[in-house]
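A short worksheet on the structure shown next.
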Amino acid sequence: MSTLVDPAGIAAGHPAPLDATTHIVPVAGTTATAEALRKPETARQQRRRPHIKGTIVLPADHTWTPQDGRLLEVHDLAVEFRMREGVAYAINGVSFHLDQGETLAILGESGSGKSVTAQAIMGILDTPPGYVTGGEVRYCGTDLLTLAEKSRRKVRGAQIAMIFQDALSALNPVFTVGNQIAEMFRIHRGMNATDAQAEAVRLMERVHIPGAAQRVKAYPHQFSGGMRQRIMIAMAIALNPAILIADEPTTALDVTVQAQIMDLLKELQHESGMGMILITHDLGVVADVADRIAVMYAGRLVETAPVGPVYANPRHPYTQGLLESVPRLDTKLGEILPAIGGLPPNLLAMPSGCPFHPRCKHAIDVCRTGTPPLLQQVTANGHVACHRVDHPDVLAASHRIATVPGGAATTEGVRP
Amino acid sequence: MTERPDSMSGFIGPSADANEATLTAPPVADPFDEVEDNLGKPRSLWGDAWEIMRRRPLFWVAVALVVLFATMSIAPQLFGAQDPRGQGMCLLERARWKPGGGILFGFDDQGCPIYDQVIYGARSSILVGLLTASLAAFVGGSLGTVAGYLGGWVDAVLSRLADVFFAIPLLLGGIVLMYSIPTTPDSPYWLVVGKVVVTLAVFGWPNIFRLMRSSVLQVKPNEYVMAARALGGSPLHVVGSHIVPNSLAPVIVVSTIDLGGYIATEATLSFLGIGLQSPAVSWGLQISRASSIPLIRSTPHMLFFPAAALCLAVLAFILLGEMVRDALDPKLR
Amino acid sequence: MGKYIIRRLLQMIPVFLGATLFIYWLNFALPGDPTAGRCGERPCSPAYIEGFNAKYGLDKPFLVQYVRYLTMLLHGDLGTNYYNNTVIHELAIRYPTTIRLALVALAFMTLVGVTAGILAGIRKGGVIDNLVTILTLLVISMPVFVIGGLSQRFFGLQWKIFPVTAGNPATWNQLILPGLVLGSLSLAYVARLTRTSLVENLRADYVRTAKAKGLSTARSIGLHALRNSLLPVITYIGASIGGLMGGAIVTERIFNINGIGGLIWRSINQRDGMTLVGTVVVLVMIYLVVNLLVDLLYGVLDPRISHD
């Protein structure tokens, strides 16, 4: 299958340059870009972009060292779901990066592609119907998409770990929690059962589960929601991963428990210096813990920036809409909160032009018919994908949203 | 106490369906309230199912087979067949003729035409299947509704009663029961058929009872039922217009699948010589006669054609039921 | 756990009583005369019939007879039939054959059924999946006596792979083909249930978690998904044991095996009520006990089910 980077380059530790602005995926026999294939086609005629399947096998003693603190670099990632009803372009050219000790929040409505992005990074997309059809996922400089499954498996869990929204269904109901945590040590480290079990107890203590030594033999359904999520977290951090992806870690929990879980995640991050990708639709959570924010809409990034500026001056009309719809302390009693009208787009029938235009109050003809806007730099660390980003109306809307919920306004750039 | 998983209750005899467990209870919202989908077109539960089914070729195969066998049992003359019990149908000099040369299906060891026997055999099988499935659905359905809705001691008594008939293997109970109701060759047709129907229904209703009971138990706590009760609806009204319509889908599906099973069981009883009796014409009787080892060797077509017709008829109903079930079950979409 | 078992045993009592009462009543209602043919060519003398009826309690009202029978049962006695053989003896010489037949069927349906279900479920919509779906549908549509007749014709007469009939007592080799026939229907259900259950579990969140932990596909599916998928299958297999014993009546007749199926036929034809009722009572007991055991096993295998 296709190889996105020179295998020799990887082996020699010289990954291909990443700074190209328009990235064309070199694919055997075709150089079609993602854009060219997105014109309307009937389901039968649809030419599918080839599925990326890596083949490179890394040596067993391969070590992963971030260069200049950069852990993860996602570039022009594309994922599609091939279904009977047609092809859904779930992710269209998403690019972002994550540094050591940093927390990146990916924000978006359900269906915006934020969870799919996480699964593509982890390599746990359900195939079929989901296929990664383009882009790169560089971890410590190596494009994970080019790795053979065998090598990739060693990254999963050990280097990049993930926790899920609903811990009750994400934990196997018929194994004890101790077994499930210990499995990490047994599979990745080849540890024997007794030692692995001892490690499990240690981890459960680390995530502050009371009575860990006894409860290690309990089953998931015997724990409360918050405790279950702590077990998920213990499992994820078992092998000291460099990156932790948290997919809506607190959505299923009570508000008080939410705060405890977020505190735990912050604490663990502080101790280990891991990078964290926090996927959420909860703007409150984001303001508290994130360093940078990436806002997704219909499978694209529409705005990325350090958390302070996004809250102070959201530049994309979608981000503005999201923030306007959050109740604040200065919201007057009886005042009607503005909501974003309309529905998220159907991924099977994406609107022409900018996918947000049917819901955007600033939309003009170019938004409806032109190509979807690309991310462009607007401030030192801020990027926005909008045709009208510099228009006075949009700027004015940006300034109307002033105060920041949660008080993270001073966070600027990467946390030291 | 833990409820036994549904799949467990499903066995006894060929009508049991292991996949019953996958038949989900009606969704939380009242499925008979029309729900707007993304396209803004209102659809009901059955409307959705129809949209899915009509695009599946196997559904139409099942429908075609059901229509074929129904026609066969109502009007065998349409297939150019004559009553095999009629005068001059059997001529010994044609005994064991093989099919071919314009003779469909050949002749049996008595020189009777197998084609006419097979066509006329449909009536008993379809009639037994249909009547048994209806009787079992009616008895099991009403008792299941009562048990599920009232609960308490009524439920306990009815459930134990269903357990009793579940604990006796269908074939075994069927054999003993069939023997206890004697018939002679002079008995009227309806008595011969009715005996088989009652016997099969006696052991078939607990299946529907358990299904309906758990269905009602799942529908009962829903808000639209609460609302109907809170608004002062009489129990009869609440059951009739809210609970039954919403619990009915699984019962219809399983009854259709069971119908195929009853046809198979009737044939098995007839094969064993205790189901339908001659002069009734039945596939089971034909297979029974053809199954002696000398005849299997010398006249295999005597076994093949009735067996094929029987299997196709059973297949038709099971397939139809499964197609409907898959279309109704949102989990399998 | 102890309380649960006691409650279940208590619930079994009315079911057991009901089932025996029903069968006893049917037997009572069976037409015909048990003394027919006992006195040579001539009908028996009234004195003989009277003595016969008194000896076997046939002159008492139905309920009295039933209560007497139950009392006997409680003492572990299934009674003596009209041929002066104890029913326990009659069963003891035939049950082993039927149980061996059921074991062949059980092994066949478990091994082949579960394997086919797993292969079909792993690749939903694949070639094997469609093949398994079609084949199981065919098997389910074919009554057991049709499958029996066909396999006799092809495996027995035409290709001569297996013997067509069994001796007395039957050898394991003679029980293979009947066992396959007997297990075929349950096999189809086991395969379908395994498939459905596996497909459902493969979509479960915890399988995604297993993948995210860096486990191999073999371990994610073979350990995490399969362990959960097999729970309902085990239940089904356990519950089908009772049905297998019932189905043996037909299979034993087709293959001429001298098991309890044959015994039931003989006792019906000879109006030997004591043997008939005894055989059914033992079958019902097996069914109830196996079901209880399966429920207990389920509680052990699935920690979410508590029998407290």
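Some observations on this one:
- Evaluation of residue A:195 against (1) modelled with pLDDT under 85; (2) assigned to a helix (DSSP H, G or I); (3) surrounded by fewer than 16 Cβ atoms within 10 Å (Cβ to Cβ) (one fails), failing number: (1)
- Residue A:209 vs. criteria more than 30 Å from residue A:85 (Cα to Cα) and more than 13 Å from chain C (Cβ to nearest Cβ): yes
- One residue stands out in the range A:131-171 among those that are surrounded by fewer than 23 Cβ atoms within 10 Å (Cβ to Cβ) and at pLDDT below 85: the one that is farthest from residue A:248 (Cα to Cα), namely A:141.
- Residues (more than 7 Å from chain C (Cβ to nearest Cβ) and in a loop (DSSP other than H, G, I, E, B)) located in the range A:158-183: A:159, A:165, A:175, A:176
- Applying the set (1) under 17 Å from residue C:180 (Cβ atoms); (2) among the polar types (S, T, N, Q); (3) at the interface with chain B (Cβ under 9 Å from one of its Cβ atoms) to residue C:256 leaves exactly one unmet item: (3).
- Checking residue A:264 against (1) surrounded by fewer than 15 Cβ atoms within 10 Å (Cβ to Cβ); (2) in a helix (DSSP H, G or I), the condition it does not meet: (1)
- Matching residues, the range C:265-292, being in contact with a Gly (Cβ under 7 Å, 6 or more places away or on another chain) and surrounded by fewer than 21 Cβ atoms within 10 Å (Cβ to Cβ): C:271, C:286, C:290
- Any chance residue A:308 is on the phi > 0 side of the Ramachandran plot and either among the basic types (Lys, Arg) or modelled with pLDDT under 85 (or both): no
- Within the range C:119-151, being more than 23 Å from the chain's Cα centre (by Cα) and either buried (at least 18 other Cβ atoms within 10 Å of the Cβ) or not hydrophobic (A, V, I, L, M, F, W, C) (or both) holds for C:119, C:120, C:121, C:122, C:123, C:124, C:125, C:126, C:129, C:130, C:132, C:133.
- Looking across the range A:120-157, the residues that are under 19 Å from residue A:239 (Cβ atoms), more than 10 Å from chain C (Cβ to nearest Cβ), out of contact with any His (no Cβ under 9 Å at 6 or more places or on another chain) and outside any strand (DSSP E or B) come down to A:121, A:140, A:144.
- Residue within the range B:251-258 that is buried (at least 24 other Cβ atoms within 10 Å of the Cβ), aliphatic (A, V, I, L, M) and more than 19 Å from the chain's Cα centre (by Cα) present: no
- Residues in the range C:199-230 that are of a type in the set (Lys, Arg), over 15 Å from residue A:186 (Cβ atoms) and facing chain A (nearest Cβ under 7 Å): C:208, C:211, C:227.
- Within the range C:152-181, residues that are surrounded by 12 or more Cβ atoms within 10 Å (Cβ to Cβ) and outside any helix (DSSP H, G or I) reach partners that are at pLDDT 75 or above and among the β-branched types (Val, Ile, Thr) with beta carbons closer than 6 Å, at six or more positions or on different chains, in the pairs C:162/C:176; C:166/C:257; C:169/C:97; C:170/C:97; C:170/C:257.
- Conditions (1) surrounded by fewer than 22 Cβ atoms within 10 Å (Cβ to Cβ); (2) modelled with pLDDT of 80 or more; number of the one not met by residue B:264: (1)
- Hey, residue C:180 within 22 Å of the chain's Cα centre (by Cα), more than 11 Å from chain B (Cβ to nearest Cβ) and within 26 Å of residue B:266 (Cβ to Cβ) or not: yes
- Any chance residue B:233 is in a loop (DSSP other than H, G, I, E, B), crowded, with 24+ Cβ neighbours inside 10 Å and more than 11 Å from chain C (Cβ to nearest Cβ): no
So that you can scan it fast, the table gives a plain yes or no per residue for (1) at pLDDT below 85; (2) among the aromatic types (Phe, Trp, Tyr); (3) under 28 Å from residue C:284 (Cα atoms):
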residue: B:143; (1), (2), (3): no, no, yes
residue: B:151; (1), (2), (3): yes, no, yes
residue: B:160; (1), (2), (3): no, no, yes
residue: B:165; (1), (2), (3): no, yes, yes
residue: B:180; (1), (2), (3): yes, no, yes
residue: B:195; (1), (2), (3): no, no, yes
residue: B:206; (1), (2), (3): no, no, yes
residue: B:215; (1), (2), (3): yes, no, yes
residue: B:223; (1), (2), (3): yes, no, no
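- Check on residue C:300, part of a helix (DSSP H, G or I) and within 12 Å of chain B (Cβ to nearest Cβ): no
- When restricted to residues that are small (Gly, Ala, Ser), assigned to a strand (DSSP E or B) and surrounded by fewer than 24 Cβ atoms within 10 Å (Cβ to Cβ), the range A:91-117 contains 2.
Results for (1) surrounded by 19 or more Cβ atoms within 10 Å (Cβ to Cβ); (2) in contact (Cβ under 8 Å) with a residue 24 or more places away in the chain; (3) outside any helix (DSSP H, G or I); (4) out of contact with any Asp or Glu (no Cβ under 8 Å at 6 or more places or on another chain), shown as yes or no for each residue.
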| position | (1), (2), (3), (4) |
| --- | --- |
| B:148 | yes, yes, no, no |
| B:174 | yes, yes, no, yes |
| B:178 | yes, yes, no, yes |
| B:182 | no, no, yes, yes |
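The values are calculated or read from the model by the stated rules, or taken from the named source; none is laboratory data. Predicted model, so just to flag it, every value in this text is computed and none were measured. FYI the Cβ positions are ideal-geometry reconstructions off the backbone, even for glycines, and counts take in every protein chain you see.
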